[in-house]
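For reference, the structure is listed below as structure tokens.
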Amino acid sequence: MQAGHPAERYGRVYVLRIGHRPERDKRITTHVGLVARAFGANGFILGDVCDSHVMESLRGVLERWGGVMHLECGVPSRRYVMEWRRQGGEVIHLTMYGLHVDDVIGEIRSSPKPKLVIVGAEKVPPFFYEAADYNVAIGNQPHSEVAALAIFLDRLYEGRELRIEFPNAKLRIIPSPRSKKVVSLDSEGIEG
């Protein structure tokens, strides 16, 4: 685990993307993976199908922008959820039909158990609602699963994830009020 990573304090978090349709969902699923990485998740699992375009995009970001993240695709989602639970982890399903995030985030945050966050694409089968320890809503209105994941992880990590320093980065943005500043780093993280 990366030094200073929020998971050191809050436990391991993986994101499971279910219902991915390769012909329709490449961009959105890639964005779910990018948010998972940028907002502090330790792993991204693309369930039931393997979309090489999504996985290559995520590997490319890890290569250029750094970080350590477990990536896996094509695993049977239901079996993955059941195995996660069998090994003592808890399952959080993000859905607009769940309990409001503010009403359950304290309990989720205080649990030391590894967390599997399920993010659906198409209509989610009842199995995932029933297998979840928490069905969590970021409000009860239709919205983007990308936004839901970002808000959930931000609430879970209390904003600490926004300051993660990713190891092995080749690029880093220098904050600037008016221009784009990106620097290249050498193998030791020193600006070149």
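Quick check on segment 126-181: of everything there that is β-branched (Val, Ile, Thr) and in contact with a strand residue (DSSP E or B) (Cβ under 8 Å, 6 or more places away or on another chain), which residue is modelled with the highest pLDDT? If you could, list the steps in order and put the result at the bottom.
First pass over segment 126-181, keeping only residues β-branched (Val, Ile, Thr): 136, 138, 146, 151, 164, 173-174.
Retained after the next criterion (residues that are in contact with a strand residue (DSSP E or B) (Cβ under 8 Å, 6 or more places away or on another chain)): 136, 138, 173-174.
Working: 136: 98, 138: 95, 173: 91, 174: 91.
Per the criteria, the residue is 136.
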| task | Residue by residue through segment 150-168, note down the ones that are surrounded by fewer than 18 Cβ atoms within 10 Å (Cβ to Cβ) and farther than 18 Å from residue 101 by Cα. | result | 162, 163, 165, 167, 168
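Determine, yes or no, whether residue 123 is at pLDDT below 95, at negative phi, outside any helix (DSSP H, G or I) and surrounded by fewer than 20 Cβ atoms within 10 Å (Cβ to Cβ).
Numbers: at pLDDT below 95: yes; at negative phi: yes; outside any helix (DSSP H, G or I): yes; surrounded by fewer than 20 Cβ atoms within 10 Å (Cβ to Cβ): yes.
Yes; evaluated as a whole, the condition is true for this residue.
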| task | For segment 1-113, please list each of the helices (runs of 4 or more DSSP H) lying entirely inside it that holds at least 1 residues being at pLDDT 95 or above and aromatic (Phe, Trp, Tyr). | result | 52-65, 77-86
| Does residue 85 satisfy the criteria of being surrounded by fewer than 21 Cβ atoms within 10 Å (Cβ to Cβ), farther than 17 Å from residue 149 by Cβ and free of Cβ contacts under 8 Å to residues at least 24 places away in the same chain? | no
| query | Any idea how many residues of segment 60-77 are of a type in the set (D, E, K, R) and on the phi > 0 side of the Ramachandran plot? | reply | 0
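The values are calculated or read from the model by the stated rules, or taken from the named source; none is laboratory data. From a predicted model like this one, the values you see are computed outputs, not experimental measurements. Counting neighbours? That spans all protein chains shown, and the Cβs are built from the backbone with ideal geometry, glycine included.
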